[in-house]
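The values are calculated or read from the model by the stated rules, or taken from the named source; none is laboratory data. Computed from a predicted model, the values in this text were never measured in an experiment. Heads up, the Cβs are rebuilt from the backbone with ideal geometry, glycines too, and the neighbour counts pull from every protein chain shown. Side chains included, ligands, DNA and RNA excluded: accessible areas come from the protein's heavy atoms. Shrake-Rupley method; radii C 1.70, N 1.55, O 1.52, S 1.80 Å.
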Amino acid sequence: MEVLIYPTYEQMSVAAAAEMAAIVRAKPDAVLGLATGSTPLGLYTELIRLHKEGGLSFSKVTTFNLDEYVGLEGNHEQSYRRFMNDSLFSQIDVPPGNTHVPDGLAKDIPAHCREYEQQIVDAGGIDVQILGIGGDGHIAFNEPSSSLASRTRLKTLARQTIEDNARFFDRLEDVPVYAITMGVGTILEARKLILLANKKSKAAAVAAAIEGPVTSMVTASALQLHPHGTAFLDDEAAGDLKMREYYDWIQARKPDAPKSS
Ligand code: GLP
């Protein structure tokens, strides 16, 4: 896995956005896998800026989000559909019909999950998938012990995730216990994976994911199985990495690296 460390969250976000923008410029009808949470907000802000000031168009792009709470309506303040509409979709030119977020109110959840997987296949597969990381090392809502071969499905949330996300709800009891999430196996099929992490609170999970064993106890460690995974980290999130010195050293020398065509 490529590990890129930036002094600040802003620099990390701008660098990840530049990579996304390059993918969209090279392939205007790219399929983007998107994530929620506070971590990708800086990336989305930069993509919006590139759209408004840099002429970057998303008019042919298709998007698939990783997950959604079960039981929340799409316009609920804490639903991931609402988050995406507010934080990105309403501020760029992606046609609303091209954006996909699992439906937390689906009546037949297994059927909805199968359909979601099929929609990804029908769109040609995901070109680049953005990922945050939970404090317990999860990606999307693939909590510890989730199968590394898992597909889009109904998933119970771990206690730590519910407690971490309670800050967005009025009461702890209001945090949904279930979510629909792409599986680890689904995520690994994307052509490129971009993991974003900032803050000290993520340092242990980031180190376990990048340098620890591949284990379902840290589902982000599945990135080690992907041929094109890049971690964009800020200084604090990189704090527990044993090979930190190497990542910094090689990153500083990358401009001299031979370029592939
Ligand atoms: C939730 C989401 C994840 C996200 C994680 C971390 O659990 N399902 O996709 O990565 O929160 O969120 P934050 O970026 O706010 O720390």
Checklist entry - Among the residues of the stretch 17-44 satisfying the criterion of being part of a helix (DSSP H, G or I) and under 22 Å from Asp164 (Cβ atoms), which is most open to solvent (accessible area, probe 1.4 Å)? => result Leu41
Item to check | Per-region count, the stretch 137-149, residues farther than 18 Å from Pro176 by Cα and open to solvent by 10 Å² or more (accessible area, probe 1.4 Å) | outcome: 4
Next on the checklist: Tell me whether the stretch 195-209 contains one or more residues that are under 14 Å from Met1 (Cβ atoms) and touching a Lys or Arg at 6+ places or on another chain (Cβ under 9 Å).
Outcome noted: yes
Checklist entry - Could we say that Ser87 is farther than 21 Å from Arg153 by Cα and of a type in the set (S, T, N, Q) here? => result yes
Checklist entry - Would it be correct to say that Gly137 is at pLDDT 95 or above, within 11 Å of the ligand (Cβ to nearest atom) and among the small types (Gly, Ala, Ser)? => result yes
Checklist entry - If you check Ala207, Ala106, which single one turns out to be away from the ligand (no atom under 12 Å from the Cβ), touching a helix residue (DSSP H, G or I) at 6+ places or on another chain (Cβ under 7 Å) and outside any strand (DSSP E or B)? => result Ala106
Checklist entry - Considering only residues of the stretch 178-204 that are out of contact with any Gly (no Cβ under 9 Å at 6 or more places or on another chain) and in a loop (DSSP other than H, G, I, E, B), which is farthest from Pro110 (Cα to Cα)? => result Lys199
Checklist entry - Does Val128 satisfy the criteria of being within 16 Å of the ligand (Cβ to nearest atom) and in contact with a Phe, Trp or Tyr (Cβ under 6 Å, 6 or more places away or on another chain)? => result no
Checklist entry - Is the stretch 125-145 home to any residue that is free of Cβ contacts under 8 Å to residues at least 12 places away in the same chain and over 17 Å from the mean Cα position of the chain (by Cα)? => result no
Item to check | Filtered residues of the stretch 1-16 (kept if assigned to a helix (DSSP H, G or I) and surrounded by 15 or more Cβ atoms within 10 Å (Cβ to Cβ)) | outcome: Tyr9, Gln11, Met12, Ser13, Val14, Ala15, Ala16
Item to check | Yes/no for Leu47 being of a type outside the set (Phe, Trp, Tyr), closer than 21 Å to Ser13 by Cβ and assigned to a helix (DSSP H, G or I) | outcome: yes
Checklist entry - So is Asp136 in a loop (DSSP other than H, G, I, E, B) and not hydroxyl-bearing (Ser, Thr, Tyr) or not? => result yes
Checklist outcome for this item: Scanning the stretch 173-195 for residues that are open to solvent by 50 Å² or more (accessible area, probe 1.4 Å) and more than 15 Å from the ligand (Cβ to nearest atom) gives Glu173, Asp174, Glu189, Arg191
Checklist entry - Does Ala220 satisfy being open to solvent by less than 40 Å² (accessible area, probe 1.4 Å), within 16 Å of Asp164 (Cβ to Cβ) and not in a strand (DSSP E or B)? => result yes
Next on the checklist: Cβ contacts < 9 Å: first residue on the phi > 0 side of the Ramachandran plot, restricted to the stretch 163-181; second residue among the acidic types (Asp, Glu) and assigned to a helix (DSSP H, G or I), any location; separation 6+ or different chain. Result?
Outcome noted: none
Item to check | Number of positions in the stretch 77-103 that are charged (D, E, K, R), part of a loop (DSSP other than H, G, I, E, B) and closer than 30 Å to Gly55 by Cβ | outcome: 1
Checklist entry - Looking at Arg49, Arg82, Arg114, which one is surrounded by 15 or more Cβ atoms within 10 Å (Cβ to Cβ) and of a type in the set (Lys, Arg)? => result Arg82
Checklist outcome for this item: Note on the stretch 157-172: residues open to solvent by 30 Å² or more (accessible area, probe 1.4 Å) and either assigned to a helix (DSSP H, G or I) or within 13 Å of the ligand (Cβ to nearest atom) (or both) are Arg159, Gln160, Glu163, Asp164, Arg167, Phe168, Leu172
